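Written below as structure tokens is the structure these notes are about.
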Amino acid sequence: MNSMEDFNQHCVGSPYRSARCLDDSQGDYVEEVREDLSSFLNIADSSKVSFTFNATHGLNTVIQGYLQPSDHVVISCYEHNAVLRPLEALRQSRNISYTVVFPHQGDKSLETRLDEAIRPSTRLIVWNHASNVTGEIMPIDQLARWAKKHKIPLLVDVAQTAGSVPIDVQQWDVDFLVGTGHKGLLSLPGLGFLYVKNADSLKTLMQGGSGFHSQSLIHPQASPMKFEAGTPNYFAIYALRSSLKFLREHSQKISENHNQIAEFLMESFADIPELRIYGPKDHRVSIISLNIEGFEPTFVSDFLCQSARVITRAGLHCAPLAHQALGTDPMGTVRVSWGPFQNLKDAKVLVQALRRFVKEYA
């Protein structure tokens, strides 16, 4: 809130156009935030990072801007509809095809499953860093090595991990990376980011004003402006400036808080036999999906809200293939999530409410 009040009082206008800050030191805040975010994700060249309107915008930019007719794509079963729906649209309009990999079915290694999934026409792999259903953190470093070995570009979705899990783009050496500002990065909704290793590899999804070279009818072809058309969400960008500073200063405390809550919840849930927990016991972001046998997730979620003011999300979480893999389709699960401003007291309220539900209904 302080950041927004400061911005409202000192800065006016759209960046690169009529923007003016009464404090001259704040005049280049968009580029400063671009550099801050690049440093946070260990991206060497900040010009390769473009601000998008959300992660969905970034994913569409890559998927629609990179794939050609009859191309083949490999994805995990944990992908969000922000990946599935663009691919399905291109299946119908460009005859692209895609193969879904289920990492945890059977005894085969991930590399073996990937070897079986690729084709001579495979042009892209899309994989999220963590599932928005189970919270499981995926082995992107291993996947990136495999992709590089097979010379297949890799697009990584870090919407669930940026700000919560260390990300090292230089170490991964991925081709594309997409995330959002309003989750673990603690900024405002309506802001995403897109890293493109080679801007020439992508066609633009949108063209328009950029504040640069206005005399040309051709949209700028150099990153980052190539993927930034129209007025950006400069309020959210400015807020990201403050949240990145907060995350750096409090990273250890945030990590300890996450671990404390996760350990408490998993131990407490294990003491409630009626609960079914999905995903790994550890190595997860701040997400746990659960069900109570015999009860629809929406009923459980409504009870938690009405009886204890605990907000959860019930359903398929825009990731239908994940629920097919988990055996929770079509009803889905109750998804519990927490952030750096929740504490052990909040977690205890949730556990008590679930025990009360079991006592009254199960």
Practice problem: Could you check segment 1-98 for helices (runs of 4 or more DSSP H) lying wholly inside it with 2 or more residues that are at pLDDT 95 or above and farther than 15 Å from F176 by Cβ? | Solution: 29-40, 81-94
Practice problem: Under 7 Å between Cβ atoms, at least 6 apart or on separate chains: pull out the pairs that start in segment 302-327 with a residue that is without any contact (Cβ under 8 Å) to a residue 24 or more places away in the chain and end on any residue that is surrounded by 16 or more Cβ atoms within 10 Å (Cβ to Cβ) and assigned to a loop (DSSP other than H, G, I, E, B). | Solution: A314/G332; G315/G332; L316/G332
Self-check item: Test for E263: is it farther than 30 Å from R85 by Cβ and over 27 Å from the mean Cα position of the chain (by Cα)
Solution: no
Quiz item: Quick check: is even one residue across segment 169-187 in contact with a His (Cβ under 8 Å, 6 or more places away or on another chain) and touching a residue at least 60 places away in the same chain (Cβ under 8 Å)?
Solution: no
Quiz item: With (1) polar (S, T, N, Q); (2) under 21 Å from I118 (Cβ atoms); (3) modelled with pLDDT of 95 or more as the list, and Q105 as the residue in question, which single condition is left unmet?
Solution: (3)
Practice problem: State yes or no: is L205 surrounded by fewer than 21 Cβ atoms within 10 Å (Cβ to Cβ), on the phi > 0 side of the Ramachandran plot and in contact (Cβ under 8 Å) with a residue 24 or more places away in the chain? | Solution: no
Quiz item: Which is in contact (Cβ under 8 Å) with a residue 12 or more places away in the chain, within 24 Å of S201 (Cβ to Cβ) and surrounded by fewer than 23 Cβ atoms within 10 Å (Cβ to Cβ), of L110, L84?
Solution: L84
Quiz prompt | Cβ-Cβ under 6 Å pairs, at least 6 apart or on other chains, segment 226-240 side surrounded by fewer than 23 Cβ atoms within 10 Å (Cβ to Cβ), far side assigned to a helix (DSSP H, G or I) and of a type in the set (K, R) | solution = none
Quiz item: Checking P340 against (1) of a type outside the set (A, V, I, L, M, F, W, C); (2) assigned to a helix (DSSP H, G or I); (3) open to solvent by 30 Å² or more (accessible area, probe 1.4 Å), which test does it fail?
Solution: (2)
Quiz item: Out of the residues in segment 246-274 that are farther than 19 Å from L344 by Cβ and in contact (Cβ under 8 Å) with a residue 24 or more places away in the chain, which is surrounded by the most Cβ atoms within 10 Å (Cβ to Cβ)?
Solution: L247
Quiz item: Only one of L188, L177 is of a type in the set (A, V, I, L, M, F, W, C) and open to solvent by 40 Å² or more (accessible area, probe 1.4 Å); which?
Solution: L188
Quiz item: Out of segment 303-315, which residues are more than 22 Å from S131 (Cβ to Cβ) and either open to solvent by 70 Å² or more (accessible area, probe 1.4 Å) or at pLDDT below 95 (or both)?
Solution: Q306, R309
Quiz prompt | Subset of segment 304-337 that is of a type in the set (D, E, K, R) and assigned to a strand (DSSP E or B) - its residue that is farthest from S286 (Cα to Cα) | solution = R313
Quiz item: Among the candidates V334, V285, V300, which residue alone is modelled with pLDDT of 95 or more and touching a Pro at 6+ places or on another chain (Cβ under 9 Å)?
Solution: V334
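The values are calculated or read from the model by the stated rules, or taken from the named source; none is laboratory data. All of these numbers come straight from a predicted model, not from anything done at the bench. Reconstructed Cβ throughout: ideal geometry from the backbone, glycine too, with neighbour counts over all protein chains shown. Heavy atoms of the whole protein, side chains included, go into the accessibility calculation; ligands, DNA and RNA do not. Shrake-Rupley method; radii C 1.70, N 1.55, O 1.52, S 1.80 Å.
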